[in-house]
Amino acid sequence: MDEFHYQAGVLHCEGVPLPEIARGAGTPAYVYSYSALERAYRELDEAFGDLDHLVCYAVKANGNLAVLRALASFGAGADIVSGGELYRAMRAGFDPKKVVFAGVGKTDEEIMAGLGERILLFNVESVSELEHLERLAARHGKQARVSLRVNPDVDAGTHDHVSTGRAFDKFGIPVDEALALAERISEYRCVDIMGVHQHIGSQITKLDPFVESVEKTADLVEELKRRGHDIKYFNIGGGLGIRYNDEETPTPKDLVDAIRPTLEATGAKILCEMGRYISGNAGALITSVVYRKRSGEKDFIVADAGMNDLLRPSLYDAHHEVRSVQEDGSVSNADLVGPVCESGDYLARNRELPDAHEGDLLAVMSAGAYGFAMASNYNSRRRPAEILVRGDRWAVVREREHMADLVKGELVPAFL
Ligand code: LLP
């Protein structure tokens, strides 16, 4: 996370000292680096070299309009999983011809929205979904381009909640059923099979599962082509892991080099849909210490950010590095906890942490993906502000919610 660095003992994002942002925008706040987003995107893009390809950004990781606008301007496509993400992607200026739509539960309304925008591909996950797609496209005089999302039955070796390519996971179509399904699609008038898609999980830190699943899926592409299906796209999914702690993660180049011959042999345009790799290390959550307390043998640093702001530690026991914003080097063994009324509300547990006291600022690192995106209003807490930094400029790209936002849309009926 080079874009977050100390200068004269103060943590900066690019050219901006984080205390300046905390003073101007308050805490907690997510801070994103434009140049880190660009670097990660280009690294992925360049890893494919002269292979015909498109890097799509998984909007679910961080769907802030400014973040999306930046990525669209770099030339990225978008991977979406809901009508809401399609709306965001269109608002941010993505070219619909670069949008791919995944998800096991697309509703008719969402399918219609995708057809309306003439997106590049629907990643279809079931026979029932195909039937809906055909019916809706026929009724509205549209043509739908689809990729079959297959389930290659490969264990990505990641957290159970975010592993998606095992036979018992809800995602995709078993490889051995995909051929029959492709034959069936040929009989549909308004659905054209143009691609094959796989996605085996998230925060994958080993190459083997990628290699194994890409090889399996490439065999299917081969067989489909042999049977006369014009497979133009091979979507290898997202999931490339990042370093949160001491993980040894493959680089995009390591990944693409390991599968390049297989990809080349398919003759298809390669799509990938990375979220975390692009935005994960481009963001940090800055938070102020509200209190310091000692309870029995334990030390607690109580911050103004909690599990509603950053859920990953509570939900996955995920590790996020915690840095002091004013570097002084002293550490202590403590839990960094939030104000939410659950013992599961922690950002770091039983860890050596900066020895922070009331009023100090801390930065919870690698929070640019699945950070704000999973934030909630639990405990009627307002969701935090989001800030984008570019060089020595910064801007609020989402305001901290107001009290009125907390009750927006709620109505008290006349019979009360
Ligand atoms: N494509 C599909 C079909 C996906 O389901 C996902 C993520 C991605 C692409 C992007 O994966 P990435 O490159 O970001 O790993 N909330 C969890 C992560 C959930 C990932 C869900 N699907 C977390 O905080 O770790």
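Just one of (1) more than 29 Å from Glu117 (Cβ to Cβ); (2) within 16 Å of the ligand (Cβ to nearest atom) trips up Val162, so point out which.
Unmet for Val162, out of (1) more than 29 Å from Glu117 (Cβ to Cβ); (2) within 16 Å of the ligand (Cβ to nearest atom): (1).
Go through the range 271-326 and give me each residue that's among the β-branched types (Val, Ile, Thr) and within 24 Å of the chain's Cα centre (by Cα).
Result: Ile278, Ile286, Thr287, Val322.
Report, ordered by the first and then the second residue, all pairs with beta carbons closer than 8 Å, sequence separation of six or more or different chains, a first member in the range 284-300 that is under 23 Å from Thr27 (Cβ atoms), and a second member that is modelled with pLDDT under 95 and surrounded by 15 or more Cβ atoms within 10 Å (Cβ to Cβ).
Short answer, once both residue conditions are applied: Ala284/Met1.
Checking Val104 against (1) in contact with a Phe, Trp or Tyr (Cβ under 7 Å, 6 or more places away or on another chain); (2) buried (at least 18 other Cβ atoms within 10 Å of the Cβ), which single condition isn't satisfied?
The failed condition is (2).
Quick check on the range 166-178. Is at least one of its residues surrounded by 15 or more Cβ atoms within 10 Å (Cβ to Cβ) and touching a Phe, Trp or Tyr at 6+ places or on another chain (Cβ under 9 Å)?
Checked against the condition, which is being surrounded by 15 or more Cβ atoms within 10 Å (Cβ to Cβ) and touching a Phe, Trp or Tyr at 6+ places or on another chain (Cβ under 9 Å), the range 166-178 yields no hits at all.
Has the range 356-364 got at least one residue that is surrounded by fewer than 21 Cβ atoms within 10 Å (Cβ to Cβ), in contact (Cβ under 8 Å) with a residue 60 or more places away in the chain, under 23 Å from Asn308 (Cβ atoms) and of a type in the set (Asp, Glu)?
Scanning the range 356-364, I find at least one residue that is surrounded by fewer than 21 Cβ atoms within 10 Å (Cβ to Cβ), in contact (Cβ under 8 Å) with a residue 60 or more places away in the chain, under 23 Å from Asn308 (Cβ atoms) and of a type in the set (Asp, Glu), so the answer is yes.
Can Tyr291 be described as within 11 Å of the ligand (Cβ to nearest atom) and open to solvent by 20 Å² or more (accessible area, probe 1.4 Å)?
In short, no.
In the list Arg184, Arg260, which residue meets the criterion of being in contact (Cβ under 8 Å) with a residue 40 or more places away in the chain and either within 23 Å of Glu134 (Cβ to Cβ) or within 16 Å of the ligand (Cβ to nearest atom) (or both)?
After applying the criteria, what remains is Arg184.
Return the only residue of Asp392, Asp335, Asp345 being assigned by TED's automatic domain parsing to the domain that holds Arg292, open to solvent by 20 Å² or more (accessible area, probe 1.4 Å), touching a residue at least 12 places away in the same chain (Cβ under 8 Å) and not aromatic (Phe, Trp, Tyr).
Asp392
Yes/no per residue for (1) within 16 Å of the ligand (Cβ to nearest atom); (2) charged (D, E, K, R); (3) open to solvent by less than 30 Å² (accessible area, probe 1.4 Å); (4) part of a helix (DSSP H, G or I):
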{"residue": "Asp192", "(1), (2), (3), (4)": "no, yes, no, no"}
{"residue": "Val196", "(1), (2), (3), (4)": "yes, no, yes, no"}
{"residue": "Pro209", "(1), (2), (3), (4)": "yes, no, yes, yes"}
{"residue": "Glu215", "(1), (2), (3), (4)": "no, yes, no, yes"}
{"residue": "Ala218", "(1), (2), (3), (4)": "no, no, yes, yes"}
{"residue": "Gly228", "(1), (2), (3), (4)": "no, no, no, no"}
{"residue": "Gly238", "(1), (2), (3), (4)": "yes, no, yes, no"}
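Among the residues that make up the range 301-317, is at least one of them within 16 Å of the ligand (Cβ to nearest atom), open to solvent by less than 30 Å² (accessible area, probe 1.4 Å), in the same structural domain as Arg149 (by TED's automatic domain parsing) and not in a loop (DSSP other than H, G, I, E, B)?
Taking every residue of the range 301-317 in turn, none turns out to be within 16 Å of the ligand (Cβ to nearest atom), open to solvent by less than 30 Å² (accessible area, probe 1.4 Å), in the same structural domain as Arg149 (by TED's automatic domain parsing) and not in a loop (DSSP other than H, G, I, E, B).
Which of the residues spanning the range 131-157 are more than 19 Å from Val104 (Cβ to Cβ) and either β-branched (Val, Ile, Thr) or without any contact (Cβ under 8 Å) to a residue 12 or more places away in the chain (or both)?
Arg139, Gly141
Among the listed residues Val389, Val364, identify the single one that is within 16 Å of the ligand (Cβ to nearest atom), aliphatic (A, V, I, L, M) and touching a Ser or Thr at 6+ places or on another chain (Cβ under 7 Å).
Being within 16 Å of the ligand (Cβ to nearest atom), aliphatic (A, V, I, L, M) and touching a Ser or Thr at 6+ places or on another chain (Cβ under 7 Å) holds for just one of Val389, Val364, which is Val364.
Would it be correct to say that Pro354 is farther than 30 Å from Phe48 by Cβ, within 16 Å of the ligand (Cβ to nearest atom) and modelled with pLDDT of 95 or more?
Answer is no for this residue.
Can you tell me how many residues within the range 396-416 are open to solvent by 50 Å² or more (accessible area, probe 1.4 Å), among the hydrophobic types (A, V, I, L, M, F, W, C) and touching a Leu at 6+ places or on another chain (Cβ under 9 Å)?
The total comes to 1.
Is at least one residue of the range 325-332 without any contact (Cβ under 8 Å) to a residue 40 or more places away in the chain, more than 16 Å from the ligand (Cβ to nearest atom) and either closer than 19 Å to Tyr30 by Cα or not small (Gly, Ala, Ser) (or both)?
Yes, the conditions are met somewhere in the range 325-332.
Provide a single number: the residues in the range 44-75 that are more than 16 Å from the ligand (Cβ to nearest atom) and either open to solvent by 10 Å² or more (accessible area, probe 1.4 Å) or among the hydroxyl-bearing types (Ser, Thr, Tyr) (or both).
Qualifying residue count for the region: 12.
Kindly indicate the residue of the range 240-257 that is farther than 25 Å from Val99 by Cα and open to solvent by 80 Å² or more (accessible area, probe 1.4 Å) and also nearest to the ligand (Cβ to nearest atom) among those meeting that condition.
Arg243
Among Ala373, Ala414, Ala404, which is under 12 Å from Asn64 (Cα atoms) and either free of Cβ contacts under 8 Å to residues at least 60 places away in the same chain or part of a helix (DSSP H, G or I) (or both)?
Going through Ala373, Ala414, Ala404 in turn, the sole match is Ala373.
The values are calculated or read from the model by the stated rules, or taken from the named source; none is laboratory data. Since the structure is predicted, the reported quantities are computational estimates derived from the model, not experimental observations. Note: ideal-geometry Cβ built from the backbone for every residue, glycine included; neighbour counts use all protein chains shown. Just so you know, the surface numbers come from the protein's heavy atoms only, side chains and all, with ligands and any DNA or RNA stripped out. Shrake-Rupley method; radii C 1.70, N 1.55, O 1.52, S 1.80 Å.
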